[in-house]
There are 2 protein chains.
Amino acid sequence: MGGAQGWVSCFLFLMKNKFADLLPGRVSTEPEDLVCYGFDASGLEAAPSAVAWPHSLEDVVEIMNFARSNRIPVIPRGAGTGMTGGSVPDRSSVVVSMERMNRVLGIDRDNMTVLVEPGVINGHLQRELERFRLFYPPDPASMNFCTIGGNVAENAGGPRALKYGVTRDYVLGLEAVLPDGSVIKTGVKTAKGVVGYDLTRLLTGSEGTLAVITKILLRVLPMPEEVITLMALFKDLEQSGNAVTAILAYGIIPRTLEFMDGEAVRAVENFSPVGLPTDVEAILLIELDGDPVVIRKEAERISSICSHHQGEIIMAEDEEARQKIWEARRAISPALYHLKPAKINEDIVVPRTKIPSMLKKLRELSEESGIMIVCFGHAGDGNIHVNIMADKENKPEYEKALGLVKEVFRMTLDLGGTISGEHGVGLTKKDYIGMEISPVEMDLMKKIKNVFDPLNILNPGKIFP
Amino acid sequence: MGGAQGWVSCFLFLMKNKFADLLPGRVSTEPEDLVCYGFDASGLEAAPSAVAWPHSLEDVVEIMNFARSNRIPVIPRGAGTGMTGGSVPDRSSVVVSMERMNRVLGIDRDNMTVLVEPGVINGHLQRELERFRLFYPPDPASMNFCTIGGNVAENAGGPRALKYGVTRDYVLGLEAVLPDGSVIKTGVKTAKGVVGYDLTRLLTGSEGTLAVITKILLRVLPMPEEVITLMALFKDLEQSGNAVTAILAYGIIPRTLEFMDGEAVRAVENFSPVGLPTDVEAILLIELDGDPVVIRKEAERISSICSHHQGEIIMAEDEEARQKIWEARRAISPALYHLKPAKINEDIVVPRTKIPSMLKKLRELSEESGIMIVCFGHAGDGNIHVNIMADKENKPEYEKALGLVKEVFRMTLDLGGTISGEHGVGLTKKDYIGMEISPVEMDLMKKIKNVFDPLNILNPGKIFP
């Protein structure tokens, strides 16, 4: 037994013994663990050679040192809710799951900051903060499962990004372990700071390719006094887009301005019904927060703008009605799997005035190709989740669907957009990154990767083709 | 004639001839120009060998190529209002003044973005945007002179940063020329984007050491409906700090919450009187913006909080009164030069609850040393401008004053702060950067510098010791 196979055996031996000895009870090479930690929400999968669950900074340093000495790739992982394969491992790599480093280390009410470990669940943090009447805006659809560490690694957004910005806008500072095992502290504990290059924002959105994040200092806001949730129903797709532009042009910035097309509405109603009308071509889901008097005034203005664009407004009268509307929004993604066993989900962004053109082009593309395309997403900031529906078992259909991806990206870029608003590049978009990023910028990025990770052992093969 | 002197002659010859030929009418080696472009607001100065005024991206590329081929350092410059020497040249370098690239290239009302050249004056942009009822929040005290390019290079703040954040929070994308003459485009034209590493924020605040910025896409906001300006007078320094914490803890985030101590007030009244009471120990300058009903309610709440802390509230009844208050705030910095011919101005930040401790420590330091220390700044975000007053001609006094700087920084860092909130490191703080940034982070930053500028010809000698 020699060559590649011999090396694999040797490697597995190393994993099972040395690595397990290193962190007893915090490492597994059991097949069921390898399967469970080998995929994310992109649908991609590949079993790693081991999974580690560090409990502390020191554990992460030890794992990193071991991995480096043995040239084993390290794949940092939050909750595996990523959409682009950012935490999907290579074979012969160690998945480092941060889920046990899940403590909220301190909430500073007066300075409006919170210090957390990366494994804290977004929704858990939200609820903890509510007790102090504080508010952490980023709210990815997966907020009840996804971790803050993963959110930082992907620079996650969410519906409320329209008013409040994305994860990047809330990260004040980080503690992280470099691929060489050294520990860095970036950023500041204060509202401002401009000393040296901005390593904090360089790590934010770097998809786990530069360092393993071990602590996160976030700024938080006072909780808004009141929230109003509205739904606007449109029989005409283009009118809904025009209403979005008109609302924002009026100077109102709702905290969310979500969009779902008729197909998305019907998918929800067919498979997890919440009572949405199915004879519409678009629904806007609008949420306002702030002073009760102001937002009531804004809600009235929005109603009249929507009416002007042939939209019908429904206001959620109580918390139950509100939750129901959001349930519908969150049900879209799972419901779509009932339409077709696979969907290719792209999260493109166009300047928001281009949304009507983009939706029109997507519909034409769907009609020409015969492939169903379902759209929903964050209309307010131009971030559309384009779901190209296809059956993986039906090879010609799936191939055709895959072929549309490039066309969707081309249309997006032609309109001045970007191929990813919040999901990142990971594995699924790396072959397309060159459509958006020119060789000279890509070269800078790769050299930056090399500065942090000269051995290319941290989440290798992601982002760059 | 040989050696160093010969080299200098040869260099000057090159400058006067070849460089002038390259961009006729856009380059000068006249002594008066070299003097005028050799200093900034830090008080440091050193005449360069030439000044260039590019008109276009192509000019910048040509200058950069010429400079690189001849190994001449390039010093990008906005309006020279920087406080830390970031645009102060070396001898034998070319200052590239961006002041003629000063066009507002496009205001997109619907997508709420504006594309500018770097030489656009901040105040000019503010006024242009007002015509469209749009609002660009970052407002450094020098806003009527400083350029957006300089603001981006330094990641400038300003009073309104408390509510609205700093320059970084508004930069969507950049066009820039690398030291090798190639052109990069970073970021997106949309509200969101997460494709590849965040080069936009890496360049923002990099103090002109990584690339020469040639275009800037900014996001802007709808103009707030109304503004209320209040002044709160305190006989007790600590009470003013407590009032700040109480206002913010209540959940009110004013757009500005400025602070000036008694010395600063008296300096203004002695030298450019605007009618402030001189028997106070602190003045807070509070500005609220937004819906008229809401901010009136907030103003009342602030009044009662200040009264509770023995503060007396004065409301600016009209625009004239408002302008007068801001005149006082902007007059502080120049007025201080009347107290002493020199001031060492540091812009430290502490977590805002630590402001009272920091002010107390600074007063003790002043009393112990016999050196006057005047404080003013952005109380809301903990950013205090600490002015150590000394006469440069009085050598022992000035030496002593310089000695206090390190002590001020030590106190700041002990309280969890940072040595620069908005002025950057440049030349004046580079010897202290190691107090805040550890060797491992510094090493990463230097390697990043080397990725962008392997020949070290772009603004060399800045930031890093």
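Every number here is computed from the coordinates shown, using simple stated rules; none is lab data. Being a predicted model, the structure only gives us computed values, none of them experimental. FYI the Cβ positions are ideal-geometry reconstructions off the backbone, even for glycines, and counts take in every protein chain you see.
The table for this structure:
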{"item": "Exposure rule at most 15 other beta-carbon atoms within 10 Å, DSSP loop GluC sites (Glu not before Pro): chain B longest free segment", "result": "B:1-224"}
{"item": "Per-copy distances of the B:ASN270 label point, shortest first, in nm (7 angstrom along Cα→Cβ)", "result": "8.1"}
{"item": "FRET E, pair B:MET315, B:GLU130, Förster distance 35 Å, beta-carbon r, rounded to 0.05", "result": "0.90"}
{"item": "Mean ellipticity per residue at 222 nm, deg cm²/dmol - from DSSP H runs of n ≥ 4 across chain A, formula -39500 (n - 2.57)", "result": "-11000 deg cm²/dmol"}
{"item": "Residue order, fewest to most beta carbons within 10 Å, for A:ARG296, B:ARG109, B:ARG131, A:ARG168", "result": "B:ARG131, A:ARG296, B:ARG109, A:ARG168"}
{"item": "Student exercise, region A:179-317 dipole from Lys, Arg, Asp, Glu Cβ charges, in Debye to nearest 20", "result": "940"}
{"item": "Inter-copy label distances at A:GLU367 (7 Å, Cα→Cβ; nm, one decimal)", "result": "8.1"}
{"item": "Residues of type lysines that B:LYS18 reaches as a straight line, Cα spacing below 28 Å, ignoring anything fewer than 8 places off in the same chain", "result": "B:LYS215, B:LYS462"}
{"item": "Calculated label separations, A:PHE464, copies of the chain, 7 Å along the beta-carbon direction, nm", "result": "2.0"}
{"item": "A:MET223, A:MET112 arranged by Cβ crowding within 10 Å, fewest neighbours leading", "result": "A:MET223, A:MET112"}
{"item": "Mean separation of Cα contacts under 8 Å (6+ apart) over length of region A:224-331, as relative contact order %", "result": "44"}
{"item": "Value in Å of the Kirkwood radius, where region B:1-146 supplies the Cα pairs that are averaged", "result": "16.6"}
{"item": "Diffusion constant of region A:104-222 at 20 °C, which comes from Stokes-Einstein with the Kirkwood Cα-pair radius and 1.002 mPa s, µm²/s", "result": "151"}
{"item": "Principal-axis tilt of helix B:237-249 within chain B, Cα atoms, nearest 10 degrees", "result": "80"}
{"item": "For chain A: relative contact order, % (alpha-carbon pairs under 8 angstrom, 6 or more apart)", "result": "15"}
{"item": "Fewest-first ranking of B:THR412, B:THR278, using other Cβ atoms within 10 Å as the exposure measure", "result": "B:THR278, B:THR412"}
{"item": "Percent of Cα-Cα distances greater than 39 Å, calculated over chain A", "result": "24"}
{"item": "Residue of chain B whose Cβ sits closest to the axis mapping B onto A, with distance in whole Å", "result": "B:ARG201, 2"}
{"item": "Check: chain A dipole with +1 on Lys, Arg Cβ and -1 on Asp, Glu Cβ, in debye", "result": "1160"}
{"item": "Given charges at beta-carbon only (K, R positive; D, E negative), |dipole| of the protein assembly as shown in Debye", "result": "1760"}
{"item": "At 1.567 mPa s and 4 °C, Stokes diffusion of region A:74-142 via Kirkwood alpha-carbon radius, µm² per second", "result": "95"}
{"item": "Largest to smallest principal axis extent of the C-alpha atoms in region A:224-331, angstrom", "result": "38, 29, 16"}
{"item": "Hydrodynamic radius of the protein assembly as shown per Kirkwood, over alpha carbon pairs, in Å", "result": "29.2"}
{"item": "Helix A:355-369 axis, angle to chain A major axis (alpha carbon atoms, nearest 10°)", "result": "80"}
